[in-house]
Amino acid sequence: MIGIDIVKIDRISRLKSKFGEKFLDRFLSPQEIQIANSIETIAGFYAAKEALAKALGCGIGSEFGFFDVQITKTNLNAPKLNINPKIINKFQIKQAELSISHDAGIAVACVFLIK
């Protein structure tokens, strides 16, 4: 299963400017906020969570929420998905891979799941 999401970085920037930390608290854990040191990274994390929801085939809602996954970084600074074990079992996920990129004012994320 593959999920892809794209987001305008300035949209995320405007929302963060308008709502401050409350905006980030709606979709990022404290640990994610700590490692998201730029607006581009924040936009990429948002896109990554949306891409995972699309790969699961359910979107963000009652079956899967923003806090059912946490994005961390490997020792090589690559993004990594840490999915709640309940979600892993529910959707029978064997492997999950994530790629995030940002350029030209957009952030894009691709999630690849093996079930």
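The values are calculated or read from the model by the stated rules, or taken from the named source; none is laboratory data. Note that the structure is a prediction, hence the values are computed from the model and not measured. Quick reminder, even Gly has a Cβ in these numbers, built from the backbone with ideal geometry, and neighbours come from all protein chains shown. The area values use the complete protein model at the heavy-atom level, side chains included, leaving out ligands, DNA and RNA. Shrake-Rupley method; radii C 1.70, N 1.55, O 1.52, S 1.80 Å.
Points worth noting:
- For the chain, the Kirkwood hydrodynamic radius comes to 14.1 Å, computed from all pairs of different C-alpha atoms.
- Residue with peak Gaussian network fluctuation, the chain [Cα springs, cutoff 10 Å], from 64, 19, 91: 19
- The angle separating the long axis of helix 9-19 from the principal Cα axis of greatest extent in the chain is about 70 degrees.
- Residue 94 versus residue 67: modelled label distance in nm, points set 7 Å from Cα along the beta carbon direction: 3.2 nm
- Pair residue 23, residue 1: separation of 7 Å Cα→Cβ label points (nm): 3.0 nm
- On the chain, 52 percent of the accessible area sits on carbon and sulfur atoms, based on a 1.4 Å probe.
- Value at 222 nm in deg cm²/dmol, rounded to 500, when DSSP H runs of n ≥ 4 in the chain each add -39,500 (n - 2.57): -11500 deg cm²/dmol
- Against the main long axis of the alpha-carbon atoms of the chain, helix 39-56 sits at an angle near 30°.
- Per residue value of the accessible surface for the stretch 60-115 (all protein chains in place, 1.4 Å probe), Å²: 63 Å²
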